Amino acid sequence: MDSINQPEGYFFRCIHARECGACDLIHMSYADQLAAKQAKVARLLKPYGRVEPILGMSNPSHYRNKVHAVVAQDRRGNALAGVYRLGSHQVVPVPQCMIEDVRAAEIIQSVWVLSKAFHLAPYDEDRRTGFLRHIMVRVAQSEVMIVLVTAQLVFPGKNAFLKALLKAQPGITTVVQNLNDRKTTMVLGKRDIVLHGKGYIEDCLCGCTFRISPQSFYQVNHAQTEVLYRLAADMASLTGQETVLDAYCGVGTIGLSMAAKAKRLIGVELNPEAVRDALGNARRNGIEHAHFVADDAGRYLQKVAQENAAVDVVLMDPPRSGSTPEFLHALLMLAPKRIVYISCDPTTLARDLQALHAGGYRMRRAVPVDMFPATGHVETVVLMSKNTNKIYLGQE
């Protein structure tokens, strides 16, 4: 994996670091960032075994394929487009971000300029007045989607604005208006109106094609996501004979990326919209042996365990808060041969490993993956099993 070749002494040169505050490790060299993340994961997982070296990026800048800007106005009434200052709702303009996709940042600047030219009033969250609330751009290899989040359905000068935007940024393939007329801190509302193109983009990941809609969860670092998923597939060690259960499956990306080596794939996800996307992604990639269920992961695992159904491998990618005690209890009841745990928070990962360890599982491998350079966040992939074969052990 070329991601292992980390640039020695690489520094992020960001002129907005003090104002923005989102990248909490940006003052450190990239080598030092990786060392800090490695040390944190190793310290938290030390009771369960050795942690392998972290997998960093060969080019750790401009990796975010999803970019979001808040639209607001300053005290003088001038329109702003940027990010919230850390710990506040004060908007800081960041026209050149070191971790955002360059194309996305340029598109946001074009929208900001055009919004002023077309008198699209920025939203005031205190008075609940104005039109344009957020600008979101999602970038795939050959497609670009822009989502304009508005407080009102009626889009003044819509056709002229679209014509000017597509002329200024011809790389845009689809434009969606998202209506968010609620008093909320959530970026997106529930209603999407396609203004141009097909209303979604498609991205190729680990040989599979996935549909990305405005509401879809999709990893923001394409290069490292492939590293992460291939590592998870390596740990799963599928031979074509296994039944794989993908818990917290979202739109199915992890399970479907390794479905070709599984006998059967079952995905479970609480969000029914994500399940519909997962079913569509399975059809899109010609995967007929995948089945997706809209249900609570813990409740579904308990049901499967009570039915004495055989599941060989469980993939789990829970939210930052980790798994619930109910899920972990059901997982121990199910007793799969291998568990591949993908974690976005090593603190909750260590907590959950304690429960699995008490249930008889042992950590066979643990590898941190740097998905978010310049920030303190780190992903970790862990393999656990009850297999006592010495080839899997290293810390017993």
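Quick notes on this structure:
- Residue check, A81 aliphatic (A, V, I, L, M) and either loosely packed, with under 15 Cβ neighbours inside 10 Å or free of Cβ contacts under 8 Å to residues at least 12 places away in the same chain (or both): no
- Test for A164: is it open to solvent by 60 Å² or more (accessible area, probe 1.4 Å), over 21 Å from T184 (Cβ atoms) and either of a type in the set (G, A, S) or in contact with an Asp or Glu (Cβ under 9 Å, 6 or more places away or on another chain) (or both): no
- Reported count of residues in region 280-290, each being of a type outside the set (D, E), farther than 17 Å from V311 by Cβ and open to solvent by 30 Å² or more (accessible area, probe 1.4 Å), is 4.
- Looking across region 220-257 at every residue that is open to solvent by 20 Å² or more (accessible area, probe 1.4 Å) and either part of a helix (DSSP H, G or I) or modelled with pLDDT under 95 (or both), the one that is farthest from G189 (Cα to Cα) is identified as D234.
- Looking only at region 291-336, and only at residues there that are small (G, A, S) and at positive phi, the one that is surrounded by the most Cβ atoms within 10 Å (Cβ to Cβ): G322
- Take the conditions (1) within 24 Å of A164 (Cβ to Cβ); (2) out of contact with any strand residue (DSSP E or B) (no Cβ under 6 Å at 6 or more places or on another chain); Y123 misses just one of them, which is (2).
- One residue stands out in region 351-378 among those that are assigned to a helix (DSSP H, G or I) and not aliphatic (A, V, I, L, M): the one that is least open to solvent (accessible area, probe 1.4 Å), namely D352.
- Count of region 299-348 residues which are of a type in the set (S, T, Y) and farther than 20 Å from L256 by Cα: 5
- Pairs where the first residue, in region 275-286, is in contact (Cβ under 8 Å) with a residue 60 or more places away in the chain and the second is part of a helix (DSSP H, G or I) and surrounded by 15 or more Cβ atoms within 10 Å (Cβ to Cβ), C-beta under 7 Å, 6+ apart: N281/L256; N285/L256
- Taken as a whole, the condition of being of a type in the set (D, E, K, R), at pLDDT below 95 and either assigned to a helix (DSSP H, G or I) or open to solvent by 50 Å² or more (accessible area, probe 1.4 Å) (or both) applies to R182.
- Looking only at region 86-124, and only at residues there that are part of a loop (DSSP other than H, G, I, E, B), farther than 14 Å from H68 by Cα and open to solvent by 70 Å² or more (accessible area, probe 1.4 Å), the one that is modelled with the lowest pLDDT: G87
- For D277, the conditions (1) charged (D, E, K, R); (2) open to solvent by less than 60 Å² (accessible area, probe 1.4 Å); (3) touching a strand residue (DSSP E or B) at 6+ places or on another chain (Cβ under 6 Å) all hold with the exception of (3).
- Between D317, D312, D296, the distinction of being in contact with a helix residue (DSSP H, G or I) (Cβ under 7 Å, 6 or more places away or on another chain) and either of a type outside the set (G, A, S) or free of Cβ contacts under 8 Å to residues at least 40 places away in the same chain (or both) belongs to D317 only.
- Taking the criterion of being touching a strand residue (DSSP E or B) at 6+ places or on another chain (Cβ under 6 Å) and either surrounded by fewer than 20 Cβ atoms within 10 Å (Cβ to Cβ) or without any contact (Cβ under 8 Å) to a residue 12 or more places away in the chain (or both), the residues of region 202-213 that qualify are E202, T209, R211.
- Test result for L231, more than 26 Å from R283 (Cβ to Cβ), in contact (Cβ under 8 Å) with a residue 40 or more places away in the chain and within 17 Å of the chain's Cα centre (by Cα): yes
- Of the residues making up region 300-322, those that are in contact with a strand residue (DSSP E or B) (Cβ under 7 Å, 6 or more places away or on another chain) and either among the β-branched types (V, I, T) or in a loop (DSSP other than H, G, I, E, B) (or both) are A310, V311, D312, V313, V314, D317.
The values are calculated or read from the model by the stated rules, or taken from the named source; none is laboratory data. As the structure is a computational prediction, the values presented were derived from the model and not from experiment. When we count neighbours, we look across all protein chains shown, and the Cβ atoms used for this are built from the backbone with ideal geometry, even at glycine. SASA here: full protein model, heavy atoms, side chains in, ligands and nucleic acids out. Shrake-Rupley method; radii C 1.70, N 1.55, O 1.52, S 1.80 Å.
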